[in-house]
Amino acid sequence: MTVYLFTLDDHLAEDISVIVGMFNQNKGLLKFKILSYKSSTEYYSLYHKSKSLTLESISEICNKLKGENNVFEDYGVLVTSKNIEKPKAITLEGKESWYSAFEYKNIAINSNDWDEITEDRSYLAIAHQVIENLFQSLSQMNLGSTQLLEEIHVNSRGCINDYCRNRSEIYAKILSGFICKNCQERFIEKKNNESILSQIKKILSTINKRLTDNYDVNTSEIITVNKYGDIKYGESKLDFGRAKTLPHIYLFYLINHNKPIGENDFWENAEIQKKFVDLSKLTGEFAKPFQMNTYLQNMSAYHAKSKKYIENSIITESLATSLFFKSKKNKDGHHYWLDIDPNNIRLEDSLLQYRIS
């Protein structure tokens, strides 16, 4: 069974790529792929003219895009920045706009306002919403039916089928990564394969572990960086996908491992600024000092953003935490560094010119 993710908002394409990569690390009958769109189409025009999305418009957009790609019988997931209207049959109060909705094999996920509760890892909340709606659709729930009230938990219990009137309750559900016994049994009763249920539970566990950094680190691999700046952790190559600036930032801190560096250091230490800019000869990014401004004003967000790419790249995710940025705050502000055992890193000699003294 194939599940196609897509967006008609360009700024969401990067998160979708990361989500699909994460999902496909948990092998099983469910396959996840990305669909691209065409702007000169009826569905694109319909989407951008709509102030919000209904079940009907979600289905129309998804069906047209799936039909264009000859995957009409597969699942389609629209990740959107637009509000989703409450299905008309739902009488429960508490949320007029929904965070996600589905009709048969068409799903829509709202991407907005997840950063705060996920510590700038909104892709994890979006990913959970994808799996939740997929699970409910496969369980043959019908959001347009009053029978839905018998199939969900109006009072939250940490299960994937909790109604959840606000994002805080959704956050608790993501943290639990739980599917109660009754909901699992209903899923199987609807002629779903137990291996699909197992795959869904593994994906929920992955989301939970990433959100809580709930890993036990038992071993460490050797980090190698070649003259082109390609980074490998054991047999895993770090891949930052479409994020053009992150490879430069991460490589700079990796070359300067165990050296705490903060915003003030960049401005007050000419050597740091020069070597950061000089690294552009290798990466093609930050070739001018003024281009650092955006990064320096949002350092913690950039560093947090690197986590999702690292986790997707490392074969054994429990080892990924050793590659995350560390931080501490003193009177001069926040400082960041990569805590690497010098015995576990092999840098090409040509990269040492970018290491600060």
* Based on what the data block shows, is L323 open to solvent by 40 Å² or more (accessible area, probe 1.4 Å) and aliphatic (A, V, I, L, M)? -> no
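Going through the range 241-263 one residue at a time, which ones are touching a strand residue (DSSP E or B) at 6+ places or on another chain (Cβ under 9 Å) and in a loop (DSSP other than H, G, I, E, B)?
Passing the criteria: N256, H257, N258, K259, P260.
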* To do: Kindly indicate which of N182, N208, N142 is in a loop (DSSP other than H, G, I, E, B) and either at negative phi or among the basic types (K, R) (or both).
  => N142
* **Residue in the range 264-286 that is least open to solvent (accessible area, probe 1.4 Å), counting only those that are of a type outside the set (D, E), in a loop (DSSP other than H, G, I, E, B) and under 21 Å from V225 (Cα atoms)** => L279
* Asked: Is there any pair linking a residue in the range 104-124 that is without any contact (Cβ under 8 Å) to a residue 60 or more places away in the chain and farther than 23 Å from Y309 by Cβ to one that is open to solvent by 10 Å² or more (accessible area, probe 1.4 Å) and in a loop (DSSP other than H, G, I, E, B), with Cβ under 6 Å and at least six apart or on different chains, and which?
  -> N110/Y99
* To do: May I ask you to list the residues in the range 12-43 that are under 13 Å from the mean Cα position of the chain (by Cα), surrounded by fewer than 20 Cβ atoms within 10 Å (Cβ to Cβ) and under 23 Å from S57 (Cβ atoms)?
  => A13
* Asked: Mind checking which pairs have a first residue in the range 71-92 that is crowded, with 18+ Cβ neighbours inside 10 Å and of a type in the set (D, E, K, R) and a second that is at pLDDT 90 or above and part of a loop (DSSP other than H, G, I, E, B), Cβ under 7 Å, 6 or more apart or different chains?
  -> K82/S50; E85/T54
* Among (1) touching a strand residue (DSSP E or B) at 6+ places or on another chain (Cβ under 6 Å); (2) among the hydroxyl-bearing types (S, T, Y); (3) at pLDDT 95 or above - the single one S350 does not satisfy -> (1)
* Asked: From the list I222, I255, which residue is over 30 Å from C164 (Cα atoms) and crowded, with 19+ Cβ neighbours inside 10 Å?
  -> I255
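The values are calculated or read from the model by the stated rules, or taken from the named source; none is laboratory data. Computed from a predicted model, the values in this text were never measured in an experiment. All Cβ positions, glycine included, derive from the backbone under ideal geometry; neighbour counts span all protein chains shown. Side chains included, ligands, DNA and RNA excluded: accessible areas come from the protein's heavy atoms. Shrake-Rupley method; radii C 1.70, N 1.55, O 1.52, S 1.80 Å.
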